[in-house]
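Everything below concerns the one structure shown next.
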Amino acid sequence: MDMSPYRDLFISESREHLRAVSELIVKMEQETGSRADVDALFRAAHSLKGMAASMGYGEIAELSHRIEDIMDRVRKEELVFDGGIADLLLEGADLLEMMITDVANELQSVRDIGDLVQRLATYRPGAEGVAAADGRDNAAVAPTARHGQPSSATPLHGEPDRYGDASTVRVRTEVLDHLINITGELITNKHRLMTVGRELASPLLDEATVELSRLLRDLHTEVLLVRLVPFSTIADRFPRVVRDLAKKIGKEIVFEVDGKGIELDRGILEGLSDPLVHILRNAVDHGLESAGERRACGKPLQGRIRLIARREKDQVVVVVEDDGRGMDPARLVATAIEKRLVSPEAGRLMSAREAFMLTCIPGFSTAREVTDVSGRGVGMDAVRSTVQALGGNLTIESELGKGSSFILRLPLTIAIINVLLVRLARITVAIPVTSVQRTVELRRDLISSRGKQKVFDFDGEPLPLLSLNRVLGLPHSHAGELLSLFVSELKGRRVGLVVDGFIGQQEIFVKPLGRPLASMKGLGGGAVLGNGEVVFILDVANIL
Amino acid sequence: MKASSRGFLVFTLQGERYGLSLQDVLEVMDPSLPVPVPRAPEFIRGVVNVHGNLVAVLDLARLFARGEAVVEGKFLVLDRRIANLALWVDGVEGFVAEEAGTDPPADGLIARVVRSGTGTIRILALDRLVERVEEQLKR
């Protein structure tokens with residue numbers, strides 16, 4: 001059986017979480033644990049649950065879920081963390097460890113989790129003696145070996161499996177994140193040195209900073225390389241997803257994957273999994289016609305879906321294309337107007353490209369089924385915002401009768417992105433260049449009015465003008481002969497966003513805003529420029 | 001949890017004494033000028049750069065609707081596990097070990113009130129505080 005690398009990832013990661021769980025339980029039992037320990041334990045169980053669910057290991061997910069629940073009760077101070085809980089949790093951790101070892105050894109596990117799940121769900125303090133006592137016998141239910149090996153119920157830890165060798169070193173992902181953080185800081189500092197160097201006009205310092213730049217580029221590249229994993233890590237499970245769904249709805253489909261070796265940042269790759277599953281399911285479900293329909297059109301009976309990953313300069317492009325029925329822009333526009341998502345006037349002016357993007361507006365698609373692959377409903381709107389949150393963008397191409405392509409452009413790395421710095425009143429904000437279709441210096445006499453809306457002519461298409469200052473609640477005078485604006489897409493509609501001036505393009509190191517600022521709509525992070533100035537990165541698609 | 005083994009950092013705000021669990025505070029800093037956040041509510045004064053991290057500055061007095069932070073105050077930078085947040089308070093009084101005797105909570109953002117020497121200290125319910133701020137930012 002092919003050892004899917006995705007499963008390897010799951011195994012190593014879930015063991016990481018389990019180890020943390022065991023350590024924390026013991027720590028909390030011995031010396032009163034801190035609030036942070038309770039949270040960490042809760043989070044570890046939560047992550048484990050999510051990972052297992054996405055891999056289809058239902059029982060691991062279920063058990064983790066119960067552990068998460070009980071820690072949530074502790075967190076909310078409904079329960080006191082006592083010996084009884086510790087026993088139950090350790091029992092759960094042991095059982096989870098066994099189940100993961102079964103996964104590693106490719107055994108079909110039929111461990112009985114029902115009893116423990118029951119006791120976790122109904123735990124009441126004081127009853128721990130009883131619970132712990134009868135729990136011990138239940139913990140070690142033997143796995144059924146598929147290949148007829150004698151089932152072994154004994155060793156819980158250190159059970160040898162093929163993942164124990166030392167040819168690679170596992171590094172915690174936080175360490176990788178920290179490394180990239182430090183590298184980003186160094187790059188920011190280099191910009192600072194260069195600013196100082198220019199003022200001092202010292203050739204020796206210039207030379208040193210040039211050398212430093214070169215070294216930092218190398219370091220940055222190396223650090224990024226460490227985080228890269230091949231596309232196959234997620235792509236290898238898609239054939240199964242497509243096959244199962246095709247079978248379920250009775251379509252015959254040829255599915256091909258190209259570019260499995262293309263490497264992407266681990267964080268981006270993980271984030272891509274759900275959106276790609278959604279796009280693939282759409283292609284199988286709605287994109288491809290039934291065999292009868294295809295015959296009538298003179299197409300080969302088998303539908304074809306291709307998933308392609310390729311490098312294009314500093315981006316990775318992932319494309320899902322099908323040879324199905326394609327989309328009709330006029331019909332999409334009509335639906336959007338009917339649902340009052342766009343005005344009839346705006347609809348009339350839409351290009352085909354814009355019309356396809358209507359499918360990404362929240363509320364456009366009515367068939368918002370809950371997918372059993374991801375476990376929750378993800379519409380195209382979620383797909384698009386996930387891709388944008390990863391610093392990329394989504395475009396759709398389609399030809400009626402010939403098929404559709406969903407094109408995802410992603411940065412190789414999350415942490416450092418290219419931005420356009422713009423001035424708004426007294427502040428500077430950064431716009432990811434992936435959100436900028438064009439910058440324009442517009443003569444005022446080219447502005448016309450359409451009702452209350454100011455518009456300008458953009459390649460023959462009247463685009464509405466919006467003051468970005470105004471959107472952000474900043475003073476807006478926009479004086480001067482020429483208006484500086486950039487064209488971007490807001491809710492599937494192209495607009496010209498007017499700013500007070502362009503400062504230039506720059507690479508910046510993205511700093512996450514964390515709690516609580518990350519909950520603000522339209523903010524995509526922050527950054528510190530070479531001169532020490534703090535700027536905010538706008539998530540343009542979501543500023544309204 | 002053995003609360004008696006824990007200490008509190010006591011700070012002042014508009015003449016009242018408040019406390020935070022010591023382990024929740026990463027650092028006490030002198031105020032610097034925060035960079036305003038577009039569209040943020042008034043009680044978010046902006047962000048400051050704390051050793052390379054962007055930390056939002058919360059004006060507690062404004063949040064409590066009791067005036068606003070004083071320039072000569074202090075920033076209490078919270079542990080990152082709780083939030084990327086610094087509280088702008090009037091001043092720091094010092095540390096106390098918790099003493100016996102707690103009164104029921106006075107309001108949603110106060111976890112409890114403990115007696116210390118001659119006065120009382122209102123211990124902030126930090127998680128509720130962060131949640132409330134988060135709620136308001138989502139609007």
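The values are calculated or read from the model by the stated rules, or taken from the named source; none is laboratory data. Everything quoted here is computed from the prediction, not taken from an experiment. Here Cβ is always computed from backbone atoms with ideal geometry, including for glycine, and neighbour counts include all displayed protein chains.
Can you tell me which condition A:S477 does not meet? The list is (1) outside any strand (DSSP E or B); (2) within 14 Å of chain B (Cβ to nearest Cβ), and all the others hold.
Here A:S477 clears every test but (2).
Starting from the range A:108-125, keep only residues that are in the same structural domain as A:L95 (by TED's automatic domain parsing), then list their pairs with residues that are polar (S, T, N, Q) whose Cβ atoms are within a distance under 7 Å, requiring at least 6 positions of separation or different chains.
Qualifying pairs under 7 Å: A:Q108/A:T144; A:V110/A:T144; A:D112/A:N138; A:D115/A:N138; A:L116/A:N138.
Do you know which of the residues in the range A:176-228 that are in contact with a Gly (Cβ under 9 Å, 6 or more places away or on another chain) and among the acidic types (D, E) is farthest from A:G267 (Cα to Cα)?
A:D206
A:L483 fails exactly one of the following numbered conditions: (1) surrounded by 22 or more Cβ atoms within 10 Å (Cβ to Cβ); (2) closer than 24 Å to A:G392 by Cα; (3) more than 10 Å from chain B (Cβ to nearest Cβ). What is the number of that condition?
(2)
Taking the options B:L78, B:L129, B:L58, name whichever one is farther than 17 Å from B:L22 by Cα, modelled with pLDDT of 90 or more, surrounded by 14 or more Cβ atoms within 10 Å (Cβ to Cβ) and more than 8 Å from chain A (Cβ to nearest Cβ).
B:L58
Applying the selection to the range A:318-336, what residues are of a type in the set (A, V, I, L, M, F, W, C) and crowded, with 18+ Cβ neighbours inside 10 Å?
Residues satisfying the conditions are A:V318, A:V319, A:V320, A:M327, A:L332, A:V333, A:A336.
Scanning for something within 14 Å of chain B (Cβ to nearest Cβ) and over 28 Å from A:K260 (Cα atoms), does the range A:94-111 turn up at least one residue?
No.
Does A:Q505 meet the test of being more than 14 Å from every other protein chain (Cβ to nearest Cβ), surrounded by fewer than 17 Cβ atoms within 10 Å (Cβ to Cβ) and touching a Leu at 6+ places or on another chain (Cβ under 9 Å)?
So A:Q505 fits the description; yes.
With the requirement that a residue be in contact with a Pro (Cβ under 7 Å, 6 or more places away or on another chain) and either at pLDDT 95 or above or on the phi > 0 side of the Ramachandran plot (or both), what does the range A:301-348 give you?
Result: no residue meets the conditions.
What number of residues in the range A:466-481 are of a type in the set (A, V, I, L, M, F, W, C), free of Cβ contacts under 8 Å to residues at least 40 places away in the same chain and closer than 15 Å to A:I543 by Cα? Break it down stepwise before answering.
First, pick out the residues of the range A:466-481 that are of a type in the set (A, V, I, L, M, F, W, C): A:466, A:468, A:471-472, A:474, A:479.
So of that shortlist, the ones also free of Cβ contacts under 8 Å to residues at least 40 places away in the same chain come out as A:466, A:479.
Within this subset, residues satisfying the condition of being closer than 15 Å to A:I543 by Cα are A:466.
Residues meeting the conditions: 1.
Please specify each residue of the range B:27-55 satisfying the condition of being within 12 Å of chain A (Cβ to nearest Cβ), part of a strand (DSSP E or B) and at pLDDT below 90.
B:N49, B:V50, B:N53, B:L54
Conditions tested, residue by residue: (1) surrounded by fewer than 17 Cβ atoms within 10 Å (Cβ to Cβ); (2) away from chain B (no Cβ under 14 Å); (3) more than 35 Å from the chain's Cα centre (by Cα).
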{"position": "A:R192", "(1), (2), (3)": "yes, no, no"}
{"position": "A:S202", "(1), (2), (3)": "yes, yes, yes"}
{"position": "A:V210", "(1), (2), (3)": "yes, yes, yes"}
{"position": "A:R214", "(1), (2), (3)": "yes, yes, no"}
{"position": "A:D218", "(1), (2), (3)": "yes, yes, no"}
{"position": "A:L225", "(1), (2), (3)": "yes, yes, no"}
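Which residues, taken from the range A:508-534, are buried (at least 22 other Cβ atoms within 10 Å of the Cβ), outside any loop (DSSP other than H, G, I, E, B) and at the interface with another protein chain (Cβ under 9 Å from one of its Cβ atoms)?
If the condition is that a residue be buried (at least 22 other Cβ atoms within 10 Å of the Cβ), outside any loop (DSSP other than H, G, I, E, B) and at the interface with another protein chain (Cβ under 9 Å from one of its Cβ atoms), then A:K511, A:L517, A:L523, A:G525, A:G526, A:A527, A:V528 are the ones that fit.
Checking B:R66 against (1) under 30 Å from A:P475 (Cβ atoms); (2) in contact with a Gly (Cβ under 6 Å, 6 or more places away or on another chain); (3) more than 11 Å from chain A (Cβ to nearest Cβ), which test does it fail?
(2)
Which of (1) modelled with pLDDT under 85; (2) more than 14 Å from A:R66 (Cα to Cα) is the odd one out, the single condition A:Y123 does not satisfy?
The single condition A:Y123 does not satisfy is (2).
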